[in-house]
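*Asks:* Please see the structure below; I have some questions.
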Amino acid sequence: MTDVMSRATRRHRPLVLLSAAMAVLAVVTAVGLLADPRVLTGAPIWLKPFKFSVSFVLYGATLAWMLAQLPRRSRVGEWAGSVVVATALIEMAVIVGQVLRGTTSHYNETSPLNAALWQVMGAAVMVLFVAHVVVAVTLLVRRAGDRATRWAMGFGLGLSALGMLVAVPMTQPGQASADAGITGAHSVGVPDGGPGLPVVGWSTTGGDLRIGHFVGLHAMQALPILAFFLRRYLGRWLDEADRVRLLAVAGTGYGVLTLLLTWQALRGQPLLRPDLTTLAALAALVAATALAVTAVVASRRRRPELALAA
């Protein structure tokens with residue numbers, strides 16, 4: 001692990017520094033959660049910068065680790081990583097700045113300044129998305145890591161991009177709030193700021209588009225972790241081809257789950273109160289994934305028998 005972090009620092013120091021800075025900010029905003037009683041749109045005013053700072057800790061560290069898997073340095077990948085750092089800092093500056101002003105950052109066009117800051121955030125997110133895709137393509141073209149790790153990173157970055165895209169409906173005209181100057185919303189069917197799950201704040205009375213967004217974004221951590229466990233604990237039983245097949249199954253299922261959660265939210269359903277249609281779709285996904293995993297394992301068991309027969 002020390003060697004990996006050392007290589008990540010050499011490959012992309014700005015991403016490592018971003019993660020460190022966001023870790024410090026997470027501590028500061030956690031103090032704000034405890035010390036500042038103010039509430040904004042139904043949540044503690046420091047909750048949004050806390051969640052975003054933690055998210056950027058994970059995002060920056062994961063990208064740095066991925067770039068460290070390259071067999072040699074890539075100027076394009078490093079340039080894209082630097083763009084990610086710049087856009088992340090812009091986004092966090094706006095979020096924290098708006099909290100200090102006592103107002104919201106997202107969807108806020110209640111004044112010329114608020115509208116300009118929201119437009120800056122929107123532009124930064126679009127640039128970050130492009131840089132994210134460039135990093136993904138670089139890792140695949142340069143054949144970073146072993147085959148299974150490469151599949152895990154490819155699926156993870158692709159599904160993270162999907163997670164970014166499923167957030168687009170939050171900004172569509174149909175999501176406009178009844179409040180003047182508010183041009184988007186997380187919730188569907190209910191106003192933002194209503195009852196929500198602890199910490200994450202996802203609506204418990206209506207749909208919430210942040211759920212699919214969250215799940216999709218964190219595929220870039222989940223799938224490489226799965227690849228690590230498959231290699232560490234099942235590496236003697238599963239060869240690399242088997243691990244790749246299992247990662248493909250997991251990645252496909254993960255992507256469908258992201259879309260299913262977004263579909264559920266768009267229909268105005270709370271996460272913990274799905275209707276029969278949603279439950280049926282989830283059951284079909286679980287069954288299909290289990291069947292695919294079984295097929296991979298069964299093919300693994302047949303191969304030694306075939307080898308002996310030959």
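*Asks:* Quick check: anything in region 55-68 free of Cβ contacts under 8 Å to residues at least 12 places away in the same chain, over 27 Å from Leu197 (Cβ atoms) and more than 18 Å from the chain's Cα centre (by Cα)?
*Replies:* No, the conditions are met nowhere in region 55-68.
*Asks:* Let me ask something additional. With respect to Ala30, is the statement that it is hydrophobic (A, V, I, L, M, F, W, C) and within 21 Å of Leu128 (Cα to Cα) true?
*Replies:* no
*Asks:* Working only within region 232-266, note down all residues that are among the hydroxyl-bearing types (Ser, Thr, Tyr), more than 18 Å from Pro169 (Cα to Cα) and at pLDDT 95 or above.
*Replies:* Within region 232-266, Thr252, Tyr254 meet the criteria.
*Asks:* Same structure, new question: Among the residues of region 126-171, write down those that are β-branched (Val, Ile, Thr) and more than 22 Å from Arg75 (Cα to Cα).
*Replies:* The answer is Val166, Val168, Thr171.
*Asks:* Tell me, please, whether a residue that is crowded, with 20+ Cβ neighbours inside 10 Å, touching a residue at least 24 places away in the same chain (Cβ under 8 Å), more than 21 Å from Ala20 (Cα to Cα) and of a type in the set (Val, Ile, Thr) can be found in region 73-94.
*Replies:* no
*Asks:* For Thr110, only one of the following conditions fails: (1) open to solvent by 70 Å² or more (accessible area, probe 1.4 Å); (2) hydroxyl-bearing (Ser, Thr, Tyr); (3) within 22 Å of Ala131 (Cα to Cα). What is its number?
*Replies:* For Thr110, the failing item is (3).
*Asks:* I've got another one for you. Going by the structure shown, is Pro49 under 26 Å from Val168 (Cβ atoms), surrounded by fewer than 16 Cβ atoms within 10 Å (Cβ to Cβ) and either touching a residue at least 40 places away in the same chain (Cβ under 8 Å) or not acidic (Asp, Glu) (or both)?
*Replies:* No, not satisfied.
*Asks:* Something else now. Checking the condition surrounded by 15 or more Cβ atoms within 10 Å (Cβ to Cβ), of a type in the set (Val, Ile, Thr) and under 23 Å from Ser203 (Cβ atoms), which residue from Thr171, Thr138 passes?
*Replies:* That would be Thr171, the only listed residue that is surrounded by 15 or more Cβ atoms within 10 Å (Cβ to Cβ), of a type in the set (Val, Ile, Thr) and under 23 Å from Ser203 (Cβ atoms).
*Asks:* Would you call Ala21 farther than 19 Å from Val96 by Cβ and modelled with pLDDT of 90 or more?
*Replies:* Against the criterion (farther than 19 Å from Val96 by Cβ and modelled with pLDDT of 90 or more), Ala21 does not qualify.
*Asks:* Restricting the first residue to region 174-189 and requiring it to be open to solvent by less than 80 Å² (accessible area, probe 1.4 Å), which pairs with a second residue that is of a type in the set (S, T, N, Q) and at pLDDT below 75 meet a Cβ separation below 7 Å and a spacing of at least six or different chains?
*Replies:* Gly184/Gln175; Ala185/Gln175; Ala185/Ser177
*Asks:* Please verify whether Leu226 is open to solvent by 30 Å² or more (accessible area, probe 1.4 Å), in contact with a strand residue (DSSP E or B) (Cβ under 7 Å, 6 or more places away or on another chain), of a type in the set (A, V, I, L, M) and in contact (Cβ under 8 Å) with a residue 24 or more places away in the chain, treating the condition exactly as stated.
*Replies:* So Leu226 fails the test.
*Asks:* In the list Leu282, Leu246, Leu261, Leu238, which residue meets the criterion of being in contact (Cβ under 8 Å) with a residue 12 or more places away in the chain and open to solvent by 30 Å² or more (accessible area, probe 1.4 Å)?
*Replies:* The unique qualifying residue is Leu282.
The values are calculated or read from the model by the stated rules, or taken from the named source; none is laboratory data. Since we're looking at a predicted model, the values are computed, not measured. Cβ sites come from the backbone with ideal geometry, for glycine too, and all protein chains shown count toward neighbours. Ligands, DNA and RNA are excluded from the accessible area calculation, which covers all protein heavy atoms including side chains. Shrake-Rupley method; radii C 1.70, N 1.55, O 1.52, S 1.80 Å.
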